[in-house]
Structure formats: C-alpha cells, structure tokens
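See below for the structure under consideration.
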Amino acid sequence: MRRMTWFNVTSLTLGFAFLYLPMLILIIFSFNESKLVTVWAGFSTKWYGEVLRNTAFLDAAWVTIKVAFLSSCLATILGTMAAIVMVRAGRFRGRTVLSGMIYAPMVMPEVITGLSLLLLFISLGMDRGVFTIVLAHTTFAMCYVSVVVSSRLVSFDQSLEEAALDLGCSPVQAFRLVTLPIIAPAVISGWLLAFTLSLDDLVIASFTSGPSATTLPMKIWSSVRLGVSPEINALSTIMILVVAIGVITASLINKRNVVRQRREEAAAEKLA
Amino acid sequence: MALDVFAPWDDPNAKPLIQFQNVTKRFGDFTAIDDLTVDIFEKEFFALLGPSGCGKTTMMRMLAGFETPTEGQILLAGQDIGAVPPNKRAVNMMFQSYALFPHLSIWENIAFGLKRDKMPKDQIGERVEEMLRLTRLEKFARRKPHQISGGQRQRVALARSLAKAPKLLLLDEPLGALDKKLRQETQFELMDIQETTGTTFVIVTHDQEEAMTVASRVAVMDHGQIVQVSTPDVIYEAPNSTYVADFIGDVNLISGKADPQDDKLHMHWAEGQPAVVGSPLDGAAKGQDVHYAIRPEKVSISAEKPENAANTIQGEVHDIAYLGNISTYHVKLAGGQIIKAQSANNRRISRRAFTWEDKVWLSWTDTAGVFLER
Amino acid sequence: MRRLLIAVPFLWLLALFIVPFAIVFKISLSDLAVAIPPYTPTLDFAEGWAGLKAFYAELDFENYIWLTEDDLYWKAYLSSFKIAVISTLLTLLVGYPIAYGIARAPQEWRAMLFMLVILPFWTSFLIRVYAWMGILSQEGYLNQVLLWIGVINEPLIILNTNIAVYIGIVYTYLPFMILPIYAALEKLDISLLEAAEDLGCSRFSAFWLVTIPLSKQGIIAGSFLVFIPTIGEFVIPSLLGGSRTLMIGKVLWEEFFSNRDWPVASAVAVVLLLILIIPIVLFQRNEQKQREADK
C-alpha cells in the first residue's frame, strides 16, 4: 500500500472543505443574534424559537411529511413491482417501453415533469393539492426505487428462489418467505431515497400543488427569493441535522452489521 | 451363494423410477437436450457426467421442474411430470450454490420444506433433529448460514433437501465448492447417506473421479446426448467411443486401418511399427478406419524386449511425470508419436529404473486395450 | 399474477408519464387564449367526430416558429448549453482529485470518506444552494474574508452573475461526478501503475497513460450525470444567477407562471426534451457498454 501523497491529502482536504464549509457557515450563523445575517452579533437561539412559533412553517412541514410518507410508500410498492418485472419477468411485449418509462423520469428536467403533470391534472379537471403532489412524487420516486431494488435483485442468487419452489413454496410464498426478506435492505433504502426525494422537491411540487397545499421547500423558496434570513438559517440547520443524524446512524448500523457478519464468517471457517 | 448384486438395469422386469422418453429441449435455436432416452431405477446413485454445456444441468432442471421438455416425456414412477410445477413434485434438489436462505437459521432452513407441507409442529421438530443427526450438525442448529464453514453448509443443503424424504434427490455439483481433501471425505459420506436413506440420487458433475467414486451408473454426456450409460468399471474398461475413453481418466489413443485376422483384430497405424493386436471389434471390415484406446497403467515399460507380449514397441523416454505413488513415462516412438506408460513406484526414487533418453520397450497384452469404431 | 405485476407499474407510468407528455405536445400546437384553461382549441367531446376534426385542423406549429423568431429562446437554449458544458468541466476538475484521493486513501477510511461525499446529497438541494447566497453576496462571508486579508479593496460582485451559477452547480452536482469516477478508480489495480513505472513511466506519465484511460468510463458517466440535469436547471440560476443569466428551465417557469403562456411553455418543453434526447441516448449507450465490459 502506498502512503497518501501530499497531493491526495490536499485535494481531499480542499474538497471536503468545499463540500462542508458552506453548510457549516450556515449552521454557525443560524445562532447569530443579529437580524443582519452577515454580521456576527453574539450567540442566540432566538431564531429557532421564531421558526418553531411560525405556524406557516409548521403547517408546510406537516404537508411535506404527509406527502413524503404517502408517496414514498406508494413509490416503494410500485418501484419494487417494476424492479421484479424488469429483472424476473423475462421477455414480454412492452418490456423496452417499460424500461424506458422507468429510466426517463430520472433524467427528465424537473420543469418538464412538473409542467406535464400539471397539464394532465388540469385536463382531467382534478383539484390540485396534497393528492396531486403525492401522485407526482410517486411517479418519479418509483423509478429510483426500482433502480435500487433491481440492482439488488440482479445480484440475488436466483437458486434461492428455485430452492424455495423446490421445497414446496408457491411462487407467491417464495417471494414472501425468501425474496422479500433478503431484498428488504434494498427496499428500505429505496423507501428512504423516495422519502428524501419527496422532502427535497421544489419544482414538481410547485407545479402540481394548488392553493390548499404548500410544502416546506415551496415555503422556503418564496422566502429565500427575497434574500438570506436568519429564520431560514435556523430552519435549514434543523433540516440538515435531522438528515445528517439519520444518514449517519443508518450507515453506522449498517457498518456494524457488516463487520459482525465478517467476523462470524471468519470464526466459522477457523472452527471447521 | 453369490452376493446379491444391485443391478436393476440388467433386469428386464424392473420398473424404472424415472424415464426420459425421446426428450428434446431447445432454448431458442440452441438444442440443449437432443432426443434423449434413458431409464433411472429406484435406489440408484446415478451420475450425469460431462463438460460444461453438455446438457447435464438442463436434464436435472427438467427433473426438478424448472424447465419443461420441448418434445418427449419425462415419467416419474410411470406418471408424466411435464406439467407438474416444482413445488408439487416429490423431487428435491441440492443446489450447486447450496442456496441456503441467509435470513434463516440452520434449523429453520431444514424445516422450511416440512413447514410448506403443513406437517404438525412436533413432527417437524423430530424430523429436523433426525436430519441434523444424520449430517452431524446438531451443534449448529441455531446458527445462520454465514456462521458455519463451507463443508458444514454443504451438509445443511443436503439435510434440507433430504428432509422431505423425496423419491428422488437431485444434486447439482454438490461438492464443487469444497477443496479436494474435503471433497473426497464427503463423497463417502454422500454414499453412506444415500444407502441409509434409500433415496434415489441423481448427481450432476464434471469431475469424472467423483462420478466414478459415488455412482452406481454413470451417463457420459456430450452435446445434449448420452454417449454411454454404464457402471463405472465398464465405462473405464470398455468405453464405447474415443470421446468416453478420453473423458474418463488418462488414455493413449491411436488410429489406423483395421485388419481382421482369425479371432483377433490387427490395426496398422504407422510406417515401420508393428500392427496393434487386440480383441475383435464387431463388424470391422478390412481397411476400415478404427481407433485403439489403451490406458497408460496397462502399458508396461522395460529395458529388454519382453518375450510373449502381444504388442511390443520400442521408443525413447521423452518425459517423466513423477506423481509420488506412480510415474508416467512419455515414450517417443521413431515416428514421433508419444505413448504414455505408467508404473507404480514401489522403490525409492534414487533407484528409479529409467531416466530421460533411455531406450525402452513398451508392451501390453492383446486384451489390455479396446478397439473403437468412433 | 404475472400479468398484474407487469400491468400495475406499466399503467401507472403510462398514465402519469407518457400521457402527460402527449398533453404537453398537444398544447404546444395550440394557441394562447384568454380563457380557462388559457389555450385554444380545447377538445370538445360533445361534438363527436366533427369536433375532433375541427380540433386537429386548428393545431399548428406557430409556437415553434415563434421560438425561432424571438431570439430570447434560442439564446436561452444556447446559454443553457454553454453553462452546462462549462460547469460540467469545472465539476470534473474539482471532482476528479477528490475521487482519486478517496480511491487512494487507506482502506479503512474509504467507506467513511465515501459516505461524506454522499451525505450532502441527502440534504435539501434548496438549502445547499441557499447556503451560497450568504457566502457570495456583496457583504457576504467571502468578501468579508477577502477584504480582511487584504486581497481586495472593493467587494467582488459574484452573486447574481454566471460565476455564482457555476459555483452552485459544481457544489450541488459534485457527488454525481465523484461517485462514478471513484467507482472506476477503485477497481483499478495498483499493480498496473507499478507495472507502468517498472516499464519506465514517471509517476505523472503513469497517471496520464494508465489511470486516466482506465477511469474514462467513470469520467464519461459522471459528466453526463452532471450535464443532463444542468441543462434544465431552474433553482440555481433563479437563486444565484442574475437577471442576465439565461437558462431554459427558468424561461419555461416564467413563461408558464408569469406570462401564463401555456402553449409557448409547452413548446419550450418539447424542444428542450428533443435537445436532451441526444445526451441521454449517448449516456445510456455508455452505460450499456460499461455493463457489457463488466460481464
């Protein structure tokens, strides 16, 4: 193994500074006393109080969570189905079309997706609100879920399913008792991805929502267009920390499991 | 009284457990199994042997129900099983990758098939314990597959597929993932278990030694067809073709023109070399192309020309492969051909009889080798 | 069972992905009208066949002709393309050394560094763009630091220029560039470099002749992953760019929400899609090639 060269150390340091400094500054200045965001005037948590008392933010947060939860659940079901179809259903008419329809929404500019869905909802005469946002988010999130799940299915030893059939399972039982438990981690990461994609989305939600539903990104958007504000800094800090804690916890748990599994495997071979 | 030999295939009244009747399987343009007919009998340990892509795995998957024949029928105990899905067949399979369910313990893996049959709980427990005892895995019942060694996993896979007491057990390269020493031990274990349970085993393997060791009969396959089905000793001593002779063990193959004389067949094969003499081949006419196969261990090597040998050839030691218990001599003849001869090393190496470039005589009897038509 | 499994996702995507496009296309052929919805003709099913015929007769390519006549649109397409190309190159320049550094870091660090690259991707895109507003503004943190060090005497004007847009794109899309390059570099066998040096390469020429070509697939994939979404980007040019930053996503948004000209907005969308098909197809072909090479 080569030692880290100076070049590598420097590029990593600068790279991660670039990735994390802006957010760090944001977090630090969310504790700024002053209304003027760029001038430090002492430590204060008063903006957090402002955020938590601001019912418009809280309402929007509630709408966002509702939308994210519903759409990620739907997207997980649909995306998992699509993944199974793509990986396991063999050849059928329309396979290419389906694979195109799964792939395309991921590379589609959000403005186009949003516009087209809005025009659909209008021509169907649908009232726009939480329901239409859920439909829209489900549609693009299911594609991501399907990619995550199918990559797991592809590496999945198909003889496990055959073994289940061989031992007397019906195809449905084989899926429930063998396939699903094994791909569960991928399904869960698909769900998490769908959830955060929905939480994060501004453009598609702006197109597809009506006056009755405002999501948090839409709320933040309308406020940040006017410039930087300490309240938004505090709100952003809360959101960044929630996500960071979630992701770090998940990856630590995952890492611990992997390490334990490796140790046990090594122990088993030694024992033999 | 003679020992009762297990040979139902020689008994015209025996009813086969499995019958392949003119089975053909095509995948698109590719013909994996080509008009194949074979019978497998109850309590047999039947080996399908062949290189990869010869169709042996397809045959096994048709028995398990994962593939259906394009043409022809497969009968299990007289019943056509073509339309029966895998979960409704009294056939179980041990997978090459073992296919142990990683999220279930060893105990649950073995119980998996029994639970699908809605067997009462206490009976499941008994049966699983029985299988654990049979495969000496009692200590590991609570562990997950990744917590045991490769050899133990192999035994779990076997226990799981045997738990439902299938009429027929299919084993797809069951020992392929084990190292050589463990593989040899496990071969005998497999034979013991097969005998104890009385189950019919069909094993797929590309390892000829393994097939010869475990099987009651071996089917040598090539390009979707069975070239020869017979007991291991017949396959080895009396192959029906150069393909089988060459696939099983080490062999010297020479080709020439037939010359039937009295009750022997002579074969002229090279300028300046005496004709090879051996037992006759049915229907070989004078001048017809024939092949001769002789195993290296049947060729003796000596410094002096032996008296009374039916076949003698002179040559020069070209190469020696020392394998410890035996040595294989590659002897180069005047015409450049190489004939392999084997001898047991019953002396220490320092006193070895021959070395490179020694002039030697090779000899064998007229029954040592076989003439082959193809 | 199998049919149901295929039908559900298929019909869902058909109804919520393909049909909406058909509608966009149809509206792009309609005319603007002061009505609700604000375009004409609308399909009137009550009139039956005659209505359908009358409906088709009124569709035309007027809006597309309009797009070519008004130079706002083609300038916006061109400028989107230019911004996407420049920022893709910048992202590659910034991302490659990071990916390289991670791939060459000690084994036990790699998973951690890798996670640190992905982590920002999970946090809100909008917030990450917003964070730069405070940094780049005229009285922002960057100018404060530079003035304090004494590098400059006058605050730099960065926010509301294209430079701010480049920074924003590089920042938000960096993980998309790093991940595929890292994946390619991690597969690279170190002994190849040792072999190159053994055969007389200097460190640098080994890098240039071995590392770069072998990470080509990752570079290509990463570039497409940045380039494709950047073309239609809306949030970054709206927040960080100025009034003179022209990007087609922004134009579409304004055409739709401010001018309420749905037919033109739809035509803009259709043309944008047609432009994007080229890089998307190229990208997919690259992925295909990669998959085949991996087999």
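The values are calculated or read from the model by the stated rules, or taken from the named source; none is laboratory data. As the structure is a computational prediction, the values presented were derived from the model and not from experiment. Every residue, glycine among them, receives a Cβ derived from its backbone with ideal geometry; neighbour counts consider all protein chains shown. For accessibility, only protein heavy atoms count, side chains too; no ligands or nucleic acids. Shrake-Rupley method; radii C 1.70, N 1.55, O 1.52, S 1.80 Å.
Solvent-accessible surface (1.4 Å probe) assigned to A:Glu110 amounts to roughly 80 Å². With point charges of +1 on the Cβ of Lys and Arg and -1 on the Cβ of Asp and Glu, referenced to the Cα centre of the protein assembly as shown, which listed residue (B:Ala90, B:Ala211, A:Met142) lies farthest in the positive direction of the dipole? Value computed over the given set: A:Met142. Helix content alone sets the calculated 222 nm mean residue ellipticity of the protein assembly as shown: runs of n ≥ 4 DSSP H residues at -39500 (n - 2.57) each, divided across all residues, give -17500 deg cm²/dmol.
Using a cutoff of 8 angstrom between alpha carbon atoms and counting only pairs six or more residues apart, the relative contact order for the stretch B:241-374 works out to 30 percent. Against chain B, whose longest principal axis comes from its Cα atoms, helix B:150-162 is set at around 60 degrees.
Using +1 on the beta carbon of Lys and Arg, -1 on that of Asp and Glu, and nothing else charged, what's the dipole of the protein assembly as shown about the Cα centre, debye to 20? Could you put the intermediate results ahead of the total?
Details: 82 positive and 88 negative charges, 539 e Å.
Using only the charged Cβ atoms, the result is roughly 2580 debye.
With a 1.4 angstrom probe, the accessible area lost at the A-C interface totals about 7500 Å². Between C:Arg244 and C:Glu292, the FRET efficiency from the beta-carbon distance, with R0 = 51 Å, is close to 0.70.
With an 8 Å cut-off on Cα pairs and a minimum separation of 6 or more residues, tell me the relative contact order of the stretch A:55-216 in percent. Kindly include the intermediate steps, with their values, before the conclusion.
Values: 196 pairs, mean separation 74.4, N = 162.
Relative contact order for the stretch A:55-216 comes out at 46 percent.
Take the residue pairs A:Lys270/B:Lys121; B:Lys43/B:Lys139; B:Lys15/B:Lys181; B:Lys56/B:Lys332; B:Lys257/B:Lys340; B:Lys25/B:Lys144 and return only those whose Cα atoms are more than 27 Å apart. As for pairs spanning more than 27 Å Cα to Cα, those are A:Lys270/B:Lys121; B:Lys43/B:Lys139; B:Lys15/B:Lys181; B:Lys56/B:Lys332; B:Lys25/B:Lys144.
To the nearest 0.05, how large is the calculated FRET efficiency for B:Glu108 and A:Arg91 if R₀ is 41 Å and r is the Cβ-Cβ distance? That gives a FRET efficiency of 0.70. The angle between the Cα long axis of helix B:180-197 and the main principal axis of chain B comes to about 60°, on a 0 to 90 degree scale.
Simple point charges give the picture: +1 on the Cβ of Lys and Arg, -1 on the Cβ of Asp and Glu, and for chain A a dipole about the Cα centre of about 420 debye.
Annotation: peptides A:78-85, B:208-215, ranked by per-residue average of other Cβ atoms within 10 Å with the highest first, follow the order A:78-85, B:208-215. Full extension of the segment from C:Ala111 to C:Gln138, taken as 0.36 nm per residue of separation minus the current Cα-Cα distance, would add 5.9 nm.
With the full set of protein chains in place, find how many percent of the accessible area of the protein assembly as shown is carbon and sulfur; take the probe as 1.4 Å.
Numbers: 27030 of 45270 Å².
It is 60 percent, rounded to a whole number.
If only the Cβ of Lys and Arg carry +1 and only the Cβ of Asp and Glu carry -1, the dipole of the stretch C:241-295 around its Cα centre is close to 140 debye.
Among the chymotrypsin sites (Phe, Trp or Tyr not before Pro) in the stretch B:85-180, none sits in a DSSP loop with a Cβ that has at most 14 other Cβ atoms within 10 Å.
The distance separating the Cα centre of the stretch C:219-269 from that of the stretch C:153-190 comes to 19 Å.
What relative contact order, as a whole-number percentage, does the stretch B:8-245 give when Cα pairs under 8 Å and 6 or more residues apart are counted? Before the final figure, lay out the partial values.
On the way: 445 pairs, mean separation 63.6, N = 238.
Across the stretch B:8-245, relative contact order equals 27 percent.
For chain A, modelled as a GNM whose springs connect Cα atoms under 10 angstrom apart, the maximal fluctuation among A:Leu165, A:Leu153, A:Leu70 occurs at A:Leu165. Pairs of Lys residues in chain C are counted when their Cα atoms are under 25 angstrom apart and they lie 8 or more places apart or on different chains; the count is 11. Here the 3J(HN,Hα) profile of the stretch B:224-239, calculated from phi with Karplus coefficients 6.51, -1.76 and 1.60 at θ = phi - 60°, is x, 10, 8, 7, 7, 10, 5, 5, x, 5, 5, 4, 7, 8, 10, x Hz, Gly and Pro shown as x. Centre-to-centre, using Cα atoms only, the stretch B:70-120 and the stretch A:204-272 are separated by 44 Å. Among beta bridges from DSSP that stay inside chain B, the antiparallel ones total about 75%.
Please arrange A:Ile28, B:Ile74 by accessible surface area, largest first, computed with a 1.4 Å probe and ligands excluded. Intermediate values should be presented prior to the final figure.
Details: A:Ile28 85, B:Ile74 5 Å².
Final ranking, largest accessible area leading: A:Ile28, B:Ile74.
Think of the protein assembly as shown as having a plus end and a minus end, set by charges on the Cβ of Lys, Arg, Asp and Glu; of B:Gly369, B:Pro51, C:Val85, C:Val85 sits farthest toward the positive end of this dipole. May I ask you to derive the FRET efficiency for B:Asp34 and B:Ala83 from their Cβ-Cβ distance with R0 = 30 Å, giving the value to the nearest 0.05? Working from the Cβ atoms, E equals 0.85. Per-residue accessible area (protein heavy atoms, 1.4 Å probe) orders B:Glu304, B:Glu271, B:Glu130 as B:Glu271, B:Glu304, B:Glu130, starting from the largest. Could you state how much accessible area is buried at the B-A interface, both sides summed, with a 1.4 Å probe, in Å² to the nearest 100? Interface between B and A: roughly 2200 Å².
Among C:Phe121, C:Phe283, C:Phe17, the largest mean-square fluctuation in a Gaussian network model of chain C, built with springs joining Cα atoms closer than 10 Å, belongs to C:Phe17.
Which whole number gives the average count of other chain Cβ atoms within 10 Å of the Cβ atoms across peptide A:9-16? Can you show the working numbers first?
Details: counts 2, 2, 9, 10, 1, 4, 13, 6.
Taking all residues of A:9-16 together, the mean is 6.
Computed on protein heavy atoms with a 1.4 Å probe, the accessible areas place B:Cys54, A:Cys73 in the order A:Cys73, B:Cys54, largest first. Relative to the longest principal axis of the Cα atoms of chain A, helix A:110-123 runs at roughly 90 degrees.
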